[in-house]
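Chemist: The structure's right below; bear with me while I get my questions together.
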Amino acid sequence: RNSLIEAGRENGLAVRSEGYNHEDNRHYFKIVSDSSLTGVNSNEVVSPILKGKKGMNSLQAMCNALAAVDAKVNRSCGLHVHIGAANMSEKHYCRLVRNYQKIEKVIDSFMPTSRRENNSRWCHTLQGIDFSGCTTKRGIARAMNYDRYYKVNAIAYERHKTIEFRQHSGTTEYEKIANWVMFLAHLVE
């Protein structure tokens with residue numbers, strides 16, 4: 001952790017080591033423990049809320065810091081992207097989840113096998129869930145049995161006012177992350 005904190009600072013970032021928590025912040029990257037990760041010296045890096053070009057530049061700087069300390073990922077790692085949903089209408093939110101469900105098999109085709117179909121316990125498929133009667137964010141969460149471990153996590157709305165996408169595999173490669181973020185942003189838009 002100390003090496004990553006130093007590499008982050010060398011890349012112009014504020015980075016802190018913390019215990020496991022779900023606190024949102026706007027000012028620094030945090031390194032936390034996560035019991036779902038396997039391997040030696042496993043940690044999770046959580047970004048602050050990132051916006052626009054400045055946010056993507058910060059993300060790239062963190063990827064550079066991860067490369068500087070030779071950070072590695074394995075099958076237990078995932079990339080979780082939260083997109084703000086506080087101002088998203090109920091109709092838009094429900095349509096977004098149904099659309100993701102419709103194109104999930106296409107998304108599966110460009111994910112590693114470990115993140116396809118129902119192959120990860122941390123990001124279950126949306127296939128087989130009946131969203132047809134859902135007209136609210138809470139209705140979507142109810143249809144998912146209030147379980148956050150789906151490729152789209154509707155439970156994140158209650159705590160963070162976001163919609164969380166959990167399907168992507170872990171990576172330290174900026175280009176992969178940036179492409180996934182842009183794909184999701186366009187999907188939400």
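Chemist: Between residue 178 and residue 142, how high is the FRET efficiency from 1/(1 + (r/R0)^6) when r is the Cβ-Cβ distance and R₀ = 35 Å? Nearest 0.05.
Modeler: Details: r = 34 Å, r/R0 = 0.96.
After rounding, the FRET efficiency stands at 0.55.
Chemist: Something else now. Out of 114, 40, 188, whose Cα points farthest toward the positive end of the dipole of the chain (charges: +1 Lys, Arg; -1 Asp, Glu; placed on Cβ)?
Modeler: Among 114, 40, 188, the one farthest towards the positive end of the dipole of the chain is 188.
Chemist: Provide the FRET efficiency to the nearest 0.05 for the residue 117-residue 17 pair, computing r from the beta carbons and using R0 = 25 Å.
Modeler: About 0.10, to the nearest 0.05.
Chemist: Quick one: dipole size for region 26-133, taken about the Cα centre, charges +1 on Lys/Arg Cβ and -1 on Asp/Glu Cβ, in debye to the nearest 20. Don't skip to the answer; put the middle values down first.
Modeler: Numbers: 15 positive and 8 negative charges, 71 e Å.
Dipole about the Cα centre, nearest 20: 340 debye.
Chemist: Starting from the Cα of residue 91, draw a straight line to each of the lysines and keep only those under 22 Å, dropping any in the same chain fewer than 8 residues away.
Modeler: Excluding near neighbours in sequence, the set is 102, 137, 151, 161.
Chemist: Taking Cα atoms, how many degrees apart are the long axis of helix 52-68 and the longest axis of the chain, rounded to 10 and kept between 0 and 90?
Modeler: Tilt relative to the chain: about 50 degrees.
Chemist: Could I ask something else about it? When only alpha-carbon atoms count, how far does the chain stretch along each of its three principal axes, as whole angstroms with the largest first?
Modeler: 51, 33, 28
Chemist: On to the next question. Given only helices, namely DSSP H runs of n ≥ 4 each adding -39500 (n - 2.57), what is the per-residue ellipticity at 222 nm of the chain, to the nearest 500 deg cm²/dmol? Please report the intermediate quantities before stating the final value.
Modeler: Details: 6 runs with 73 residues, N = 189.
Estimated from H runs of four or more residues: -12000 deg cm²/dmol.
Chemist: Same structure again: In whole percent, how big is the carbon plus sulfur part of the accessible area of the chain, probe 1.4 Å, protein atoms only?
Modeler: Values: 5090 of 10700 Å².
Carbon and sulfur together cover 48 percent of it.
The values are calculated or read from the model by the stated rules, or taken from the named source; none is laboratory data. Just so you know, these numbers come straight off a predicted model, no measurement behind them. Cβ sites come from the backbone with ideal geometry, for glycine too, and all protein chains shown count toward neighbours. Just the protein is used for accessible areas: all its heavy atoms, side chains included, with ligands, DNA and RNA removed. Shrake-Rupley method; radii C 1.70, N 1.55, O 1.52, S 1.80 Å.
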